[in-house]
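Trainee: A single structure is presented below for examination.
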Amino acid sequence: MQLSEAVWVDPARMSGVPCFRGTRLPVQQLFDWIEDGISLDEFLRDFQVDRRAVDAVLSAGSSAVCAASASNPDCAASS
């Protein structure tokens with residue numbers, strides 16, 4: 001699933017906060033739960049978000065981190 005299929009942004013809704021498509025669940029909620037040590041399975045169960053959408057968001061996050069640290073050879077090797 002492409003990120004554009006997984007996430008929607010509308011300045012007129014939810015103040016333009018990126019949300020999982022078809023929901024009002026902010027993408028940031030996923031990262032907050034991970035940061036708090038809550039399992040991905042629990043997130044998926046509690047919010048009933050499509051696993052492919054979560055995977056697309058996590059992949060985009062990983063790509064963004066590697067792009068921000070392009071001088072790191074480990075990131076170049078994993079992209």
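We did not get these values from a lab; they are worked out from the coordinates using the rules stated. Everything quoted here is computed from the prediction, not taken from an experiment. Please note: Cβ atoms are built from the backbone with ideal geometry, for glycine as well, and neighbour counts cover all protein chains shown.
Trainee: Picking from 28, 11, 67, whose Cα lies most toward the positive end of the charge dipole for region 3-78 (charges on Cβ: Lys, Arg +1; Asp, Glu -1)?
Mentor: Result: 11.
Trainee: Search the structure for amide H atoms under 5 Å from the amide H of residue 7, placed 1.01 Å from N in the peptide plane, and list their residues when 5 or more places away or on another chain.
Mentor: Under 5 Å from the amide H of residue 7 lie the amide H atoms of 21, each far enough along the sequence or on another chain.
Trainee: Here is a further query. Which entry in (1) 0.94; (2) 1.06; (3) 1.01 matches Rg/Rh (Cα atoms, Kirkwood Rh) derived from the coordinates of this structure?
Mentor: (3)
Trainee: How big is the charge dipole of the chain about its Cα centre, in debye rounded to the nearest 20, if each Lys and Arg gets +1 on its Cβ and each Asp and Glu gets -1 on its Cβ?
Mentor: Roughly 320 debye, rounded to the nearest 20.
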